[in-house]
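One structure below.
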Amino acid sequence: MRIDGNRARLVSGGTAILAASTLLLTAAPLAHAGGKPRSTSLPGGAKLTSNIWYSNSLSFRGCGDYQVSAVISGGKAPRSGKDNVKTRVTATGYGVAWNGSPLTSGTLDKSVTNNKGQRGAYLKGSKCYGMTTVYVTYNNTASTFYYGTHRNVSAS
């Protein structure tokens, strides 16, 4: 079977587009990342852990997702009304101004505290920093008052 010049170009162009699409889809970086969890010890063999997860790719508008937690594991259950566990997420977006100088394109600061005997505090959401945002730094601070002891631990 013989293929004329126009059809051959069309077939080879379609093959090139398919190959390029496959390469982009398989070589694209992961859409999400997370910081390394960090822990500290508490009385009675318990442990406080700060967890953080965030999007490492921003949308066209400079928006990114995050999820954080502070979790007490092991040991006795926290006492309702006496002990607490808190998670606080902070983030700063950094971008470039029209003249090339660096700028802060937005900040985030949210927290939640549980004091009714829960072992964890959790937050998740999305924040838009602006179209000029190049990257965002995230940090989560887990803190607790647990059987008379204050502890903090951060993950980023």
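The values are calculated or read from the model by the stated rules, or taken from the named source; none is laboratory data. All values reported here derive from a predicted model rather than from experimental measurement. Note that we place each Cβ from the backbone using ideal geometry, even for glycine, and neighbour counts take in every protein chain shown. To get the accessible areas, we keep the full protein, side chains included, count just its heavy atoms, and leave off ligands, DNA and RNA. Shrake-Rupley method; radii C 1.70, N 1.55, O 1.52, S 1.80 Å.
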Flag for residue 105 being under 30 Å from residue 62 (Cα atoms), open to solvent by less than 30 Å² (accessible area, probe 1.4 Å) and outside any loop (DSSP other than H, G, I, E, B): yes
Which residues, taken from the range 65-90, are open to solvent by 60 Å² or more (accessible area, probe 1.4 Å) and farther than 13 Å from residue 117 by Cβ? 65, 67, 86, 88
Can you tell me which of 57, 69 is assigned to a strand (DSSP E or B) and either under 21 Å from the mean Cα position of the chain (by Cα) or touching a residue at least 40 places away in the same chain (Cβ under 8 Å) (or both)? 69
Out of 93, 148, 100, which single residue is touching a residue at least 24 places away in the same chain (Cβ under 8 Å), more than 18 Å from residue 50 (Cβ to Cβ) and open to solvent by 20 Å² or more (accessible area, probe 1.4 Å)? 148
Considering only the range 113-126, state which residues are closer than 29 Å to residue 47 by Cβ, assigned to a strand (DSSP E or B) and open to solvent by 40 Å² or more (accessible area, probe 1.4 Å). 113, 122, 124
